[in-house]
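Contents: one structure, followed by commentary.
Every read-out reported here was derived from the displayed coordinates using simple, explicitly stated rules and does not represent laboratory data. Keep in mind it's a predicted model, so treat the numbers as computed, not measured. Counting neighbours? That spans all protein chains shown, and the Cβs are built from the backbone with ideal geometry, glycine included.
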Amino acid sequence: MITAKLVGSIWATRKAEVLNGYKLMLVEVVGGKESGKRMVAADVVGAGVGDRVLVTTGGSARKMLGDDNIPVDAAIVGIIDEDCCFEE
Amino acid sequence: MITAKLVGSIWATRKAEVLNGYKLMLVEVVGGKESGKRMVAADVVGAGVGDRVLVTTGGSARKMLGDDNIPVDAAIVGIIDEDCCFEE
Amino acid sequence: MITAKLVGSIWATRKAEVLNGYKLMLVEVVGGKESGKRMVAADVVGAGVGDRVLVTTGGSARKMLGDDNIPVDAAIVGIIDEDCCFEE
Amino acid sequence: MITAKLVGSIWATRKAEVLNGYKLMLVEVVGGKESGKRMVAADVVGAGVGDRVLVTTGGSARKMLGDDNIPVDAAIVGIIDEDCCFEE
Amino acid sequence: MITAKLVGSIWATRKAEVLNGYKLMLVEVVGGKESGKRMVAADVVGAGVGDRVLVTTGGSARKMLGDDNIPVDAAIVGIIDEDCCFEE
């Protein structure tokens, strides 16, 4: 997984039908050499803008959604505790 | 998924037969540290040149095409709304 | 797999239920061009902060956890011997 | 998929038996930020040195070979038409 | 697959039991933009230090080991012939 900051929502009215109902969030990697890399992840834990989150990628993201047929390759799997310190 | 801009079509007369009928589009990542990375994605949502799109990768792309045997590793799954702002 | 150094724990009180019970560790790649890249990996071998570890990624990480439905994309699979030298 | 140029053949007399019979080609990414990245891909479309090709990666490459047990993670799936222009 | 040079062995006395018996080798990418990237790969073709090798990654590496439950994400699948020239 990667540590990332939730920076916004992504709205796409025209999209694959199977994606309906999923919240798609724009996240940005924090910490380490890939800091600043962005991706769009489905959120099922109720994270908000500004939260530091854990994002899982690839087939593991589909496991999070409970449906292996959803064409999603990144999912927010947790919200990092505010008092959990790491060098950003 | 990644946020990307659709920059053109890719034509390949000689290709794997199973790819016949799929529109292959050249997209370029927008926003974040990987901005400018390019890939070719299959399009099934009817995106056009200049559209900002959501692209899913890996096995998740095959889910989008509804056939797990298509040798495609990237697919356009949505068109980002024009009034959806994010720093490019 | 990659060679990495374990740099800390990640705490996420709010997370996917299926992740309960897994130790999530922040690791940083050591050696080679990607040195400094960070990721969060599940640990089942009992590694500690400062240990140099082997990390496997993607679907292979889920194999390590013995449950293909855990949304984890990186796992610590070994602790590199202290007298195993390689240029960091 | 990625757009790449076929730059040569790779010969490996000692290799996994299941790879016998596959043409292994060295390709180099053209266009975009990852231009210059190299990989070795199995070719089943009959591409030649100098051709611009479409390369699919990961599990999708195995789909191309029609045998999910071949340990190949990249495959050439098409030859880009000569009059298909994109900024390299 | 990638072209890499075998630079050493990795010893990990404490590791996942399923990894027992596999030779874990440190390899470094040669050629192209990712030259210098390192990874640890399981070797089943008998490569030695200094050999130029072909490395397959992801789920394809597990196919090489003949057991889809081994938590390995990279495997050496061939030794590149000494007279096979490519720009490193």
In region C:63-75, what residues are surrounded by fewer than 24 Cβ atoms within 10 Å (Cβ to Cβ) and in contact with a Lys or Arg (Cβ under 8 Å, 6 or more places away or on another chain)? C:Asp68, C:Asn69, C:Ile70
Tally of residues being under 21 Å from B:Ser60 (Cβ atoms), touching a residue at least 40 places away in the same chain (Cβ under 8 Å) and at the interface with chain A (Cβ under 10 Å from one of its Cβ atoms) across region C:31-64: 1
Can you spot a residue in region D:11-23 that is facing another protein chain (nearest Cβ under 7 Å) and of a type in the set (Ser, Thr, Tyr)? yes
Has region E:66-81 got any residue that is without any contact (Cβ under 8 Å) to a residue 12 or more places away in the chain, at the interface with another protein chain (Cβ under 7 Å from one of its Cβ atoms) and part of a loop (DSSP other than H, G, I, E, B)? yes
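Quick check on my filter: what residues within region D:9-35 are in a strand (DSSP E or B) and closer than 14 Å to E:Val55 by Cα? Give the steps one after another, and end with the answer.
Taking region D:9-35 and keeping what is in a strand (DSSP E or B), we get D:9, D:14-15, D:23-29.
Once the filter is applied, which keeps residues that are in a strand (DSSP E or B) and closer than 14 Å to E:Val55 by Cα, region D:9-35 yields D:Arg14, D:Lys15, D:Leu24, D:Met25, D:Leu26.
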